Structure formats: C-alpha cells, structure tokens
Amino acid sequence: MASSSLSTAFLSPLSPPSLSVSSKPKPSLVKFPNPRSKPFIALSSSDSDAAPNHDATPIELRYPAFPTVMDINQIREILPHRFPFLLVDRVIEYNPGQSAVAIKNVTINDNFFPGHFPERPIMPGVLMVEAMAQVGGLVMLQPDVGGSRENFFFAGIDKVRFRKPVIAGDTLVMRMTLIKLQKRFGIAKMEGKAYVGGEVVCEGEFLMATGSGGSE
C-alpha cells in the first residue's frame with residue numbers, strides 16, 4: 001500500500017491531466033453565407049451596372065445604329081468600284097470637299113477570308129487601306145473639288161501603321177479628311193484613320209490624283 005501510494009504521488013505531477021470534451025477550448029467559427037439562401041446569378045461585366053434595375057433596357061435596344069447619310073445605292077452612284085472590291089457599306093458623316101466618315105461591316109462571308117487566313121480570319125491591311133482610299137474618293141469625287149469618276153486614282157500612301165488586327169464581326173469605321181488640295185496639279189493629300197470599337201486600327205496619309213491637272 002505504501003509503495004502504491006508513493007508511486008501514485010510520484011507519477012501524478014508528471015501525468016497529463018485528463019480533460020473532458022467540454023474543457024477543450026472552442027475554436028472560433030467563421031460563418032459563411034448559405035449559398036442556398038439566395039439564388040446565385042452570374043453577371044457579365046457589361047451587365048453589372050444594370051443588374052439592380054430589373055427594368056433595364058435589353059442589350060439589343062441599348063445601342064442605336066449608325067446614322068445613314070449615304071446608303072449603298074448612293075455610294076455606288078459616286079464610286080466606280082463593284083463587287084468584290086467595293087469596301088464601303090454606308091456613309092455616316094459627310095462634309096462635301098472636306099471629310100467623310102464611313103463604315104465597312106467585316107463579315108466572314110467576305111471573299112478574302114478563305115485565304116487570309118483559314119484558321120484565323122483577319123482583314124488584310126492592304127484592303128483596309130483600299131477601303132479608306134474609297135472613303136477618300138467619296139470626298140474627292142464632288143463637283144466643288146473637281147474630281148472625275150473617270151479620272152480618279154489612288155496615287156500613294158505614307159506613314160501607314162496597322163495598330164490592331166481587324167477580324168470577322170468587326171465594324172470598321174473610317175474617317176478621311178482633306179488636308180491639302182492642289183487643283184492645278186490635280187493632287188490631293190488626305191489624312192485617314194480607321195477605328196474598331198473606338199480604338200485606332202489603321203492610320204496614314206493618302207495621295208489622290210483627281211485627273212484634273214492642267215484644267216486651270
């Protein structure tokens with residue numbers, strides 16, 4: 001009995017105290033919202049601002065179409081180009097003898113896409129330049145400028161830069177502005193910029209020959 005009491009007294013200070021389940025420290029709990037309490041709705045970034053308003057205008061009605069100053073029939077009356085090389089669909093702003101803004105709807109049905117490129121359809125840069133030159137033609141082929149449909153030529157380009165690729169589904173918006181006109185020599189210098197979604201994709205300077213040299 002003595003030895004048993006001694007061993008118990010000797011070992012008890014070294015033995016870990018027995019803890020009941022209730023004596024263990026309780027961890028702090030982080031409560032997360034119940035995903036089932038409210039329905040989860042995935043919102044795109046474009047719809048995030050309109051999400052609280054359940055009466056928001058549908059996306060197909062939010063963006064007005066480009067205005068029509070000249071339709072395709074009026075363009076065909078001015079430009080001599082025809083399919084597949086007429087690259088202007090609509091004129092949306094026009095200042096006779098000064099400037100014009102027009103659009104080209106780039107679609108997968110354009111005849112250059114099967115070869116440029118089959119796996120990644122990109123509008124050729126030279127055709128962007130040609131489309132911009134045609135918009136310049138709409139400015140120049142006017143009586144007050146002295147242009148002639150029979151004697152109008154794309155004479156040259158300078159400082160052309162391609163900033164971003166233009167792909168099927170884009171709307172190419174082109175602005176051409178007359179900078180200098182030499183009627184005596186029949187030469188016009190124009191500045192051109194093309195945009196997709198408000199960003200410049202192509203820009204440069206253009207020379208046009210009106211074919212009216214020597215008329216004065």
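Converting phi to 3J(HN,Hα) with the Karplus coefficients 6.51, -1.76 and 1.60 and the offset θ = phi - 60°, the stretch 81-91 yields 5, 9, 3, x, 10, 8, 10, 10, 9, 7, 9 Hz in sequence order, with x at every glycine or proline. Measuring only protein heavy atoms, the 1.4 Å probe finds Ile59 accessible over about 90 Å². Note that the stretch 164-176 has calculated 3J(HN,Hα) couplings of 8, x, 10, 10, 4, x, 7, 10, 8, 9, 10, 10, 10 Hz, one per residue in order, obtained from phi through the Karplus relation 6.51 cos²θ - 1.76 cosθ + 1.60 (θ = phi - 60°); glycine and proline are x. Each residue was assigned an accessible area with a 1.4 Å probe, and for Phe153 the value is about 120 Å². Report the calculated FRET efficiency for Gln74 and Phe154 (r = Cβ-Cβ distance, R0 = 22 Å), to the nearest 0.05. Efficiency computed from Cβ-Cβ geometry: 0.55.
Along the Cα-to-C-beta direction of Asn95, a point sits 7 Å from the Cα; which residues of the stretch 156-185 have their amide N less than 20 Å from that point? What the label zone holds, given the 20 Å backbone N cut-off, is 173-183. Amide H contacts under 5 Å for Ala155: Leu207, Met208, Ala209, restricted to partners 5 or more places along the chain or on a different chain, H placed in the peptide plane at 1.01 Å from N. At full extension, Glu60 and Val126 could sit 20.5 nm farther apart than now, given 0.36 nm per residue minus the alpha carbon distance.
Considering only alpha-carbon pairs that sit under 8 angstrom and 6 or more positions apart, the relative contact order computed for the stretch 64-216 is 23 percent.
Note on Asn109/Val200: beta-carbon distance plugged into 1/(1 + (r/R0)^6) with R0 of 25 Å gives a FRET efficiency of 0.45.
Which value, in Å², gives the accessible area per residue of the stretch 69-167 when a 1.4 Å probe is used on the protein heavy atoms?
Result: 53 Å² of accessible area for each residue.
Listed values for the stretch 73-79 are Karplus-derived 3J(HN,Hα) couplings in whole Hz (6.51 cos²θ - 1.76 cosθ + 1.60, θ = phi - 60°), namely 5, 5, 5, 5, 6, 9, 8, and x replaces Gly and Pro.
Taking amide H atoms as placed 1.01 Å from N in the peptide plane, the amide H of Asp170 lies under 5 Å from those of Val106, each 5 or more residues away in sequence or on another chain.
The values are calculated or read from the model by the stated rules, or taken from the named source; none is laboratory data. The structure presented is a predicted model; accordingly, all values stated were derived computationally and were not measured. Virtual Cβ from ideal backbone geometry, glycine too; neighbours counted across all protein chains shown. Surface areas here come from the heavy atoms of the whole protein model, side chains and all, with no ligands, DNA or RNA. Shrake-Rupley method; radii C 1.70, N 1.55, O 1.52, S 1.80 Å.
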